[in-house]
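First up is the structure itself, then whatever we jot down about it.
Readers should treat all values here as calculations from the given coordinates under stated rules, not as data from a laboratory. Being a predicted model, the structure only gives us computed values, none of them experimental. Virtual Cβ from ideal backbone geometry, glycine too; neighbours counted across all protein chains shown.
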Amino acid sequence: MSAKQLAKKLEQQFKEIVSAPVEFRGELTLEVSEASQITEVCLFARESLGFDFLVDLTTIDNHEETPRWTAVYHLYGYGHGCHLRLKTSVGEEASEFPTVSAVWRTANWHEREAYDMMGIRFAGHPDLRRILMWEGYPFFPLRKDFPLAGKPSEMPDVAFTDAAPLEGGPFVTVAGGDDPTAREPRARNPEE
């Protein structure tokens, strides 16, 4: 069975809340309009359609748009070799998705990372705590409203107290020009 046929089956099963599949560059995406039902949709995808592997779970901050948060589930089936993407969104006031960690165990770490970096909660998660930043860190560094220069920390014994500089880092470059090495910050400041 092809990915398109599998996507159509998912759409037919949840016709009230799952959009028709959209294809872009050979990849299929289905939009789930009710985030509260993403666990049921994912369980059906695993049990009935053979999507036995959650490749990745990513989140998008649609800052200053409604809904603000989008969760994207990248699915794969080892038996049939097909990929499928599911997307669902919630508003800033909710900022919570149901967990799919009971459907795929790997979701445990993906959801913890989304919580740690974006502040998005996953209802029913068995161990929702930070995975990259230290416990007690008050910010969510991948949010679009988080400044690139960082924020000062009031925890002198745990981490630095000044904003973390990004000079020379991978995200601070000058736009334009023909030579990418000339845009690299260290190339502009050779004395550093």
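Shape summary: region 3-146 maps onto an equivalent ellipsoid whose semi-axes, from the alpha-carbon gyration tensor, are 26, 17, 13 Å in decreasing order. Past 27 Å, Cα to Cα: identify those pairs from K4/K144; K4/K87; K8/K144, in the order given. Distance filter (> 27 Å) returns K4/K144; K8/K144.
For the peptides 130-139, 53-62, the ranking by mean Cβ contacts within 10 Å, running from highest to lowest, is 53-62, 130-139. Just report the Cα centroid separation between region 51-91 and region 102-143, whole Å. Result: 15 Å between the Cα centres. Ordered by the count of other Cβ atoms within 10 Å of each Cβ, fewest first, R143, R85, R129 give R129, R143, R85. Arranged from fewest to most other beta-carbon atoms within 10 Å of their beta carbon, E93, E113 become E93, E113. Taking the inverse of the mean 1/r over every pair of distinct Cα atoms in region 43-105 gives a Kirkwood hydrodynamic radius of 12.6 Å. Got a sec? Charge dipole of region 3-146, +1 on Cβ for Lys and Arg, -1 for Asp and Glu; which of A123, L10, A107 is way out at the positive end? The Cα lying farthest towards the positive end belongs to L10.
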